[in-house]
Amino acid sequence: METVVSGIRSTGNLHLGNYFGAMKNFLRMQEEYNCFFFIADYHSLTTHPDPENLKGHVRQVLAEYLACGLNPEKCTLYIQSDVPEVAELYLLLNMNAYLGELERATTFKEKARKHPDNINAGLLTYPVLMAADILLHKAAKVPVGKDQEQHLEMTRQFGNRFNRMYRVDYFPEPVAFNFGGQLVKVPGLDGSGKMGKSEGEGNAVFLFDTDEAIRKKVMRAVSDSGPTEPDSPKSEAIQNLFTLMSLVSDAETLKSFEEAYNHCTIRYGDMKKQLAEDMIRFVRPLRERIADTLQNEKLLGEVMKTGREKARESAAKTVKEVRELMGIRY
Ligand code: TYM
């Protein structure tokens, strides 16, 4: 059975981008593959070092994983920092990751631009840690959104380089994966780019948002002054609203707003109201399950413990073999 690895950073609550870019595939993959899904708390330290936040966020994301339907009996569910083997593999892979390629990574350049006062080495070597996460279990498939494509390319680079250096065929080539074919990019509500936790206030709709918060954010979403002639092309902001609608609304609703747009009869206020209600319909049961799961300390503790044990077993085997291949066997 093919192995699957993926993770989500613990920098805050999950949003619809995480859900449709990653979680939706996790849920299907756990039925068919040998899956390892983790919470990337080491990665979150590159930008969010606050100890209290870290603790709360890790528990929150774990509750969200479970509430979305990840089943610890079907997949291995763990916290990245519970598996110290990943830190050792990261260290070993760092020895053949080059400064030039790390500096060229789009996410590094973006983060360095956004946080000029905290360009730490963890941020630079972020893709090496991500490669370690994936190679640790020798994954073949990695369900991620479009924004992670470059990191996957780098993971293949590091794995292949290792194979060449030690003249082995050890690490398989992991591919970014989406059941729907193309990798997904869920847009945000601010008229450009993607939905993200670290984008501006109001850009992301979170699975734990209240109905009121969702209504407010959607009603404030960026739009434009409306189509002036039939079948005119859509601005980016309007295309984003349609894309979001295609994720949460039924086909009939989407079609009727498409037609209204093409006939220039669309009222964005009506479209946003509908979009907000459809998002609420989607999010509400998840939010309720998240709240229940968060109360269940015992369950969260047990899931972490079982996950840690299963993940470490697989990780220890890889690290042992890698050490041997590299000559660390005195
Ligand atoms: P992160 O925490 O930013 O996002 C987690 C997952 O959600 C996807 N995603 C999106 N997909 C579509 N549209 C969006 N707007 C959107 N926003 C987020 C991401 O593509 C990702 O799949 N580096 C990773 C975490 C990570 C990881 C790994 C992933 C660490 N190690 C190993 C896979 C394998 C990250 O920051 O994702």
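Within the option set Ala237, Ala204, Ala140, Ala132, being within 16 Å of the ligand (Cβ to nearest atom) and over 18 Å from the mean Cα position of the chain (by Cα) holds for one residue only, Ala237.
The helices (runs of 4 or more DSSP H) found entirely in region 1-70 that carry 3 or more residues being open to solvent by 20 Å² or more (accessible area, probe 1.4 Å) are 24-32, 51-68. Under the condition of being under 19 Å from Ala276 (Cβ atoms), within 6 Å of the ligand (Cβ to nearest atom) and in contact with a Leu (Cβ under 7 Å, 6 or more places away or on another chain), the residues counted in region 1-18 number 0. Scanning region 143-179 for residues that are in a helix (DSSP H, G or I) and either at pLDDT below 95 or within 18 Å of the chain's Cα centre (by Cα) (or both) gives Lys146, Asp147, Gln148, Glu149, Gln150, His151, Leu152, Glu153, Met154, Thr155. Got a sec? Which of Arg312, Arg323 is in contact with a strand residue (DSSP E or B) (Cβ under 9 Å, 6 or more places away or on another chain) and closer than 30 Å to Met95 by Cβ? Sole residue among the options that is in contact with a strand residue (DSSP E or B) (Cβ under 9 Å, 6 or more places away or on another chain) and closer than 30 Å to Met95 by Cβ: Arg312. Here Ile119 meets the list (1) open to solvent by less than 70 Å² (accessible area, probe 1.4 Å); (2) assigned to a loop (DSSP other than H, G, I, E, B) almost entirely, failing just condition (1).
Conditions (1) free of Cβ contacts under 8 Å to residues at least 24 places away in the same chain; (2) in the same structural domain as Leu14 (by TED's automatic domain parsing); (3) touching a Lys or Arg at 6+ places or on another chain (Cβ under 7 Å), marked per residue:
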{"residue": "Gly202", "(1), (2), (3)": "yes, no, yes"}
{"residue": "Leu207", "(1), (2), (3)": "no, no, yes"}
{"residue": "Ser223", "(1), (2), (3)": "no, no, no"}
{"residue": "Gly226", "(1), (2), (3)": "no, no, no"}
{"residue": "Glu252", "(1), (2), (3)": "yes, no, no"}
{"residue": "Arg267", "(1), (2), (3)": "yes, no, no"}
{"residue": "Ala276", "(1), (2), (3)": "no, no, yes"}
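Set side by side, the residues Asp209, Asp190, Asp231 differ, and just one is assigned to a loop (DSSP other than H, G, I, E, B) and loosely packed, with under 13 Cβ neighbours inside 10 Å, which is Asp231.
In the set (1) open to solvent by less than 20 Å² (accessible area, probe 1.4 Å); (2) touching a strand residue (DSSP E or B) at 6+ places or on another chain (Cβ under 9 Å), the condition left unmet by Leu89 is number (2). Taken over region 122-174, the criterion of being surrounded by fewer than 18 Cβ atoms within 10 Å (Cβ to Cβ), out of contact with any helix residue (DSSP H, G or I) (no Cβ under 7 Å at 6 or more places or on another chain) and among the aliphatic types (A, V, I, L, M) is satisfied by Met165 alone.
When restricted to residues that are touching a residue at least 40 places away in the same chain (Cβ under 8 Å), within 9 Å of the ligand (Cβ to nearest atom) and open to solvent by less than 50 Å² (accessible area, probe 1.4 Å), region 175-187 contains 4.
The values are calculated or read from the model by the stated rules, or taken from the named source; none is laboratory data. Treat the numbers as computed from the prediction; the structure is a model and nothing was measured. Note: ideal-geometry Cβ built from the backbone for every residue, glycine included; neighbour counts use all protein chains shown. For the accessible areas, the whole protein counts, side chains as well, though only heavy atoms, and no ligand, DNA or RNA atoms are used. Shrake-Rupley method; radii C 1.70, N 1.55, O 1.52, S 1.80 Å.
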